[in-house]
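First the structure, in the form of structure tokens, and then the observations on it.
Please treat every number below as a calculation from the coordinates, not as lab data. The structure presented is a predicted model; accordingly, all values stated were derived computationally and were not measured. Here the Cβ positions follow ideal geometry from the backbone for every residue, glycine too, while neighbour counts run over all protein chains shown.
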Amino acid sequence: MNKSSLFRTSLVAVATVACMTPAFAADFYVSPNGSDDAPGTLVKPFATLARAQKAAHSVAGKKPITINLRAGTYYLPAPLVLTSADSGASGAPVTYQAYKGEQVVVSGGRLLHPSWEPYRNGIMKASVPADCATDQLFVNGRRRILARYPNYDPNQRILGGYSADTISSERAKRWADPTGGVIHAMQAMEWGDLRYWITGKDAGGNVTYEGGWQNNRQIGMHPEQRYVENIFEELDAPDEWFLNTKSHTLYYYPPAGLDLSKAIVETVRLRSLVEMRGDAAHPVRFVRFKGITFRHTAATFQDNKEPLVRSDWTIYRGGALFFSGTENCLVENCNIEQVGGNAVFVNNYNRRLTVRGCDIPDAGSNGVAFVGSPEAVRSPLFEYGQRHALSEIDLAAGPRTNNYPADCLVEDCLICRSGRVEKQTAPVEIDLAARITVRRCSIYDVPRAGINIGDGCWGGHVIEFCDIFDTVKETGDHGSFNSWGRDRYWGLTGVDLNNDADWNAHQNLPFLDAVEPITLRNSRWRCDHGWDIDLDDGSSNYHIYNNLCLNGGIKNREGYGRLVENNIIVNNTLHPHVWFAHSGDIFRRNIVFVDAYRPAGMPSDRPWGAQMDENLVDQPGLIEPHPAQGLAAMSHRDAASIVADARFVNPAGGDFRVSSDSPALALGFKNFPMDQFGVVSPRLKAIARTPEIPAIVGQARGGDAQAPAASSGIAFGARVRNILGLGDRSVYGLPGESGVLILDTPVGSAAQKFGLAPSDVIIAADNHAVHTITDLLKICDLKQGKTLHLTVIRQQRKADVDIAM
């Protein structure tokens, strides 16, 4: 190389280094004691985030910018809204952070300075500003109880207490004007909950109301599980409060020992605190939030209206932190607490968003929700009962547009006690998204699933090294992990994928939306009110391995391409439900604790799935292994599965690794770590709970298998049997674990003549609950010569059948 060439090469190298070296950073400072007329320096800081945003705007993307928030609480008058013009750049991000670890709170609330005076019966009252309107009251940093009936009882698992007479006319006589009150009820099948505004009383004294759109399975409210709140006459218990918006008077019943004269009293006024509003063409890029506590937003349950694709869910697109149209943004080491709706909502187009090291307790709705646009889905349907014909669907694979979250990460987060207001929620919710990773999170104390995936669009998600327990605490028929896969292929008319010819011609259908596998691995799960892992309606393309399931077992309902291997299922087993003939499911090299599966709606005359083998049924103390005849008899496979002592290292201490002489190892089982579940950062690890480790009970009967064997009989000329446990409840979509199942309806039978059908479940006769065949026959005896009115569940909906006896 000559000197000229060398010189040119050197110039290029210098220029390249210069381009890679960031310009000098820009620092701005904000303090609650600052002034927006100040220059924003450490000595003379701004007073508001909005002023700092404006100052940063002119240099955003040109140099690294840090907006340092000094200690204190920033009560926002309006959300901080960032657009693409506020973006940073690679190597030059825009960072909002707590200065040197100081305690910084960004609040959507309002600090009140009430002058309290006695009202009556221990209740205090105070005047508030005329523009004060709130659905939550915080006293000394703790959310208090809006006046309700029945009174809140923390020992009541569902809704903190409920009563069937909540909106009875007798109860309503106590209320002068209940307008503005709220009815909160579980959905009739316990698949979430509903909310209604009370609009008044009619001429007969009956409560009038509107609402109930918050669940996509429109079956109405539960007949008993309901309460009413925001009724002044129900202010009768310590810690309850009520705001009269007409007289601008706040009423509060302080508990014993609370000095109201020194108490910090706060309300809420904003729905969101920070909104990132871009789109795919003009994204908000490289904006970071670090070390900040975000607090106080309004509940949004009443505006939760948008149905998701054939999911049980509806959604409200908003949150304390709202990301829409972003790239490479970050929320790190933040606290997001005391919010009435979603904590973090990731809406439509987002790429590479990271939520890391955050503490997210007590959210009214979801913890972190990723929800794309239905417009990105090919051939979407929205209601559970809707069906496409094969000729009507788009047969191209994958999404139609890029308007959905992808390649995002939730890592090392503690998300607990979410769903304080809404119950059809999850600490992590994923719908219409791709390649979302949830890693090293601790998730617990929630009303429904810990992690919920609402559809198969478009897969690629990874759940790993998580600790998820104390779930499904207020609802039913669910799991610590829950998924649905009601995608394009599910329920198609014009094709029968159980038919060999149709399957051979259309094997790609189940994977048009579920294009990438979803992976659950190296996590610990415990559900005491359902399944540890629940793959429900149509869930397809899953790889589930290296999981420790502590109580509820693993359920695979109908779907395709599920590989379940190398898991430990303590005191339980696999629950296969209504598998497709060509499911391709594999269940191998797992350790289970019951020498039987827990099937529901499974064939007894042919093998299940593609492979079920090399599984070990643990039987402590067994000297010589022997064949797992119970598994083999059910699956028509499991030829190499055995019953043996798994020889766990320290099960009482939660270490379910097997020793080096375990027969499980010879089957191909491999140990996986037992000390890497949940959060890892010291600040979160110090406060995170861990699940109770169960005692091994040996040949345990878990979940629905605890019920007695189902009895059978004849009713209306048809073969019937009793409903048996949680498995039947899930398969037939029942409100409880009872009823009478119709097995067949022979031609000429009364059952066939009057419109009963196989798989109908009789749950009531003449408005009397039918729990068993015995109940049904007793009622039939009393109705001879008359017409008997039956309430049945048919394809997960109520139907009425009248039979002439």
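Helical runs (DSSP H, four residues minimum) scored at -39500 (n - 2.57) apiece and divided by the length of the chain put the mean residue ellipticity at 222 nm at -2500 deg cm²/dmol. In the chain, taking the dipole from charged Cβ atoms about the Cα centre, the farthest positive-side position among 570, 172, 265 is held by 265.
Extending 7 Å from Cα along the Cβ direction at residue 610 and again at residue 155 yields two label points whose distance is 5.3 nm. Annotation for the range 749-796 versus the range 314-361: alpha-carbon center distance of 49 Å.
Stretching residue 236 away from residue 516 to a fully extended chain increases their span by 95.4 nm, per 0.36 nm per residue minus the current alpha-carbon distance. Excluding same-chain neighbours fewer than eight residues apart, the lysines reachable from residue 62 by a Cα-Cα span under 30 Å are 44, 54, 100, 290. For Rg and Dmax of the Cα atoms in Å, the value computed from the atomic coordinates appears in the list [x] 34.6, 120; [y] 27.4, 87; [z] 29.1, 113 under label [z].
Charge dipole of the range 22-105 (Cα centre as origin; +1 on each Lys and Arg Cβ, -1 on each Asp and Glu Cβ, all else neutral): 120 debye, rounded to the nearest 20. Measuring r between the beta carbons of residue 712 and residue 640 and using R0 = 35 Å, the FRET efficiency lands at 0.55. Judged by the mean number of other Cβ atoms found within 10 Å, the most tightly packed of the peptides 572-578, 791-797 leads the ranking 572-578, 791-797. Under 5 Å between amide hydrogens, built in the peptide plane, is the criterion, and for residue 239 it picks out 253 among residues at least 5 positions away or on other chains. Residue exposure proxy: 697, 228, ordered by other Cβ atoms within 10 angstrom of their Cβ from fewest to most, comes out as 697, 228.
Converting the Cα gyration tensor eigenvalues of the range 110-268 into ellipsoid dimensions via √(5λ) gives semi-axes, longest first, of 28, 17, 15 Å.
Quick one: which residues, 5 or more positions from residue 89 or on another chain, have an amide H under 5 Å from its amide H? H modelled 1.01 Å from N in the peptide plane, none for Pro or chain starts. Under 5 Å from the amide H of residue 89: 61, 94. Peptides 430-440, 210-220, 37-47 ranked from most to least packed give 430-440, 210-220, 37-47, packing being the mean of other C-beta atoms within 10 angstrom over each peptide's residues. Could you check how many percent of all C-alpha pairs in the range 488-570 are farther apart than 16 Å? Cα-Cα pairs of the range 488-570 separated by over 16 Å account for 56 percent. With θ taken as phi - 60° and the Karplus curve 6.51 cos²θ - 1.76 cosθ + 1.60 applied, the whole-hertz 3J(HN,Hα) list for the range 507-512 is 5, 7, 4, x, 10, 5 Hz, x standing for glycine and proline.
Projecting the Cα atoms of 158, 212, 187 onto the dipole axis of the range 152-212, where Lys and Arg carry +1 and Asp and Glu carry -1 at the beta carbon, places 158 farthest toward the positive end.
Model label sites at residue 493 and residue 133, defined 7 Å from Cα along the beta-carbon direction, differ in position by 4.6 nm. The H on the amide N of residue 531, modeled in the peptide plane, is under 5 Å from the matching H of 478, 479, 480, each at least 5 residues off or on a different chain.
The protection proxy used here, the mean number of other Cβ atoms lying within 10 Å of each residue, ranks peptides 344-351, 132-139 as follows, highest first: 344-351, 132-139.
Hey, fewest Cβ within 10 Å first, where do 805, 634, 186 land in order?
805, 634, 186
Sequentially through the range 582-589, phi angles give Karplus couplings (6.51, -1.76, 1.60; θ = phi - 60°) of 10, 4, x, 5, 10, 10, 8, 6 Hz, Gly and Pro residues having no value and appearing as x. Taking one quarter of the surface of the convex hull spanned by the alpha-carbon atoms of the range 707-804 gives a direction-averaged projected area of 5.5 nm². Charges were assigned to the Cβ only: +1 to each Lys and Arg, -1 to each Asp and Glu. The resulting dipole of the chain about its Cα centre is roughly 2180 debye. Subtracting the Cα-Cα distance of residue 33 and residue 753 from their residue separation scaled by 0.36 nm leaves 251.2 nm. Derived scalar couplings between HN and Hα for the range 340-356 equal x, x, 6, 6, 10, 10, 9, 10, 6, 5, 8, 9, 6, 7, 10, 10, 9 Hz in order, rounded to whole Hz, by the Karplus curve 6.51 cos²θ - 1.76 cosθ + 1.60 (θ = phi - 60°), x for Gly and Pro. For the range 110-268, what does the relative contact order come out to in percent, with C-alpha contacts under 8 Å and a separation of six or more? This gives 34 percent for the range 110-268. Hey, for a label at residue 306 modelled as a point 7 Å past Cα toward Cβ, could you say which residues of the range 417-445 have their backbone N under 13 Å away? Answer for this model: 431-433.
When DSSP beta bridges are limited to those with both residues in the chain, what percentage is antiparallel, rounded to the nearest 5? Don't jump to the answer; show the numbers that get you there.
Working: 68 of 198 bridges.
So the antiparallel bridges amount to about 35 percent of the total.
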